[in-house]
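Okay, structure first, notes after.
The values are calculated or read from the model by the stated rules, or taken from the named source; none is laboratory data. What you see is a predicted model, and the numbers here were worked out from it, not measured in a lab. All Cβ positions, glycine included, derive from the backbone under ideal geometry; neighbour counts span all protein chains shown. Side chains included, ligands, DNA and RNA excluded: accessible areas come from the protein's heavy atoms. Shrake-Rupley method; radii C 1.70, N 1.55, O 1.52, S 1.80 Å.
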Amino acid sequence: MRTMVRQPVAGSNPAVKSKRPPKRPSEYALQIRELRKIRDAYHLRKKQLSVYARLLRKSKEVAALLPLLELRLENVVYRSGAVTTRRAARQKIRHAAVKVNGRIVTIPSLALKVGDKLLISKVQFSEETAVPMWLRLHRTKNEVLVVRTPEATEVEPDIDETLILEYYSKR
């Protein structure tokens, strides 16, 4: 009786390193990676991101996606230091603890404009909280004022928004 001896297949041994260099990711793979980064950072769904991309395509501005996302209400509450995470900012907004220009707002995706004033209740701002230059914080009144639109250099530096806009331009 003969026993079968299995012959090793070339490249099947994980202990042996391949002599080929690792494959460079395709353009599509890079675009998907950037989509994941921005969706994870700002907690966006695909539909929300496609709406922003469509809006930017109509306005013909290339480097305006990140400043647009920074001016969402949930992100401004997070950047002000009122909460520690964007998810906590969403919850605070949904629980009607934020007023915009004197009116209670429960929509976290609300786009703010320059001059909008936020009043955040039930929060204690610490003194060491670093607030971006485009926001002004009055700690005693629990007020946040949007002074100007954020520039592309002041926001998430590791996200390449051109790849995201290229992805949606083909859709």
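In the stretch 47-67, how many are in contact with a Phe, Trp or Tyr (Cβ under 7 Å, 6 or more places away or on another chain) and surrounded by 18 or more Cβ atoms within 10 Å (Cβ to Cβ)?
Of the residues in the stretch 47-67, 2 are in contact with a Phe, Trp or Tyr (Cβ under 7 Å, 6 or more places away or on another chain) and surrounded by 18 or more Cβ atoms within 10 Å (Cβ to Cβ).
Can you tell me how many residues within the stretch 130-171 are touching a Ser or Thr at 6+ places or on another chain (Cβ under 8 Å) and either on the phi > 0 side of the Ramachandran plot or in a strand (DSSP E or B) (or both)?
If we filter the stretch 130-171 for residues that are touching a Ser or Thr at 6+ places or on another chain (Cβ under 8 Å), which is where we start, we get 131, 134-135, 137, 142, 144, 168, 171.
Okay, now just the ones that are also either on the phi > 0 side of the Ramachandran plot or in a strand (DSSP E or B) (or both), so 135, 137, 142, 144.
Adding up the residues that qualify gives 4.
If we only count helices (runs of 4 or more DSSP H) wholly inside the stretch 45-129, which ones have 1 or more residues that are in contact with a helix residue (DSSP H, G or I) (Cβ under 8 Å, 6 or more places away or on another chain), over 16 Å from Val155 (Cα atoms) and polar (S, T, N, Q)?
Counting at least 1 such residues, we get 46-59.
Does any residue in the stretch 119-132 that is over 17 Å from Ala97 (Cβ atoms) come within less than 9 Å, Cβ to Cβ, of a residue that is outside any loop (DSSP other than H, G, I, E, B) and modelled with pLDDT of 80 or more six or more places away or on a different chain, and which pairs are these?
Correct list of pairs: Thr129/Leu137; Val131/Arg79; Val131/Leu137; Val131/Val144; Pro132/Glu70; Pro132/Arg79; Pro132/Glu154.
Just one of the numbered conditions (1) in contact with an Asp or Glu (Cβ under 6 Å, 6 or more places away or on another chain); (2) open to solvent by less than 30 Å² (accessible area, probe 1.4 Å) is not true of Asp116; which one?
Exception for Asp116: condition (1).
Can you list residue pairs whose Cβ atoms sit under 7 Å apart, with the first residue in the stretch 89-105 being open to solvent by 70 Å² or more (accessible area, probe 1.4 Å) and the second being among the hydroxyl-bearing types (Ser, Thr, Tyr)? Count only pairs 6 or more apart in sequence or on different chains.
If the second residue must be among the hydroxyl-bearing types (Ser, Thr, Tyr), the pairs left are Arg94/Thr106.
Which members of the stretch 120-137 meet the condition of being farther than 17 Å from Arg72 by Cβ, modelled with pLDDT of 90 or more and either of a type in the set (D, E, K, R) or open to solvent by less than 70 Å² (accessible area, probe 1.4 Å) (or both)?
As a first pass, look at the stretch 120-137 and keep what is farther than 17 Å from Arg72 by Cβ: 121-130, 133, 136-137.
Checking the rest, the ones that are also modelled with pLDDT of 90 or more come to 121, 133, 136-137.
Hits for the stretch 120-137 are Ser121, Arg136, Leu137.
Please determine, by comparing only the residues of the stretch 143-159 that are in contact with a strand residue (DSSP E or B) (Cβ under 7 Å, 6 or more places away or on another chain) and touching a residue at least 60 places away in the same chain (Cβ under 8 Å), which one is surrounded by the fewest Cβ atoms within 10 Å (Cβ to Cβ).
Keep residues of the stretch 143-159 that are in contact with a strand residue (DSSP E or B) (Cβ under 7 Å, 6 or more places away or on another chain), which gives 143-147.
When the remaining residues are screened for being touching a residue at least 60 places away in the same chain (Cβ under 8 Å), the result is 144, 146.
Numbers: Val144: 27, Val146: 21.
Checked the stretch 143-159; the qualifying residue surrounded by the fewest Cβ atoms within 10 Å (Cβ to Cβ) is Val146.
Test Leu163 against the criterion of being under 22 Å from Lys47 (Cα atoms) and crowded, with 16+ Cβ neighbours inside 10 Å, and give yes or no. Write out each step before concluding.
Numbers: under 22 Å from Lys47 (Cα atoms): yes; crowded, with 16+ Cβ neighbours inside 10 Å: yes.
Yes; evaluated as a whole, the condition is true for this residue.
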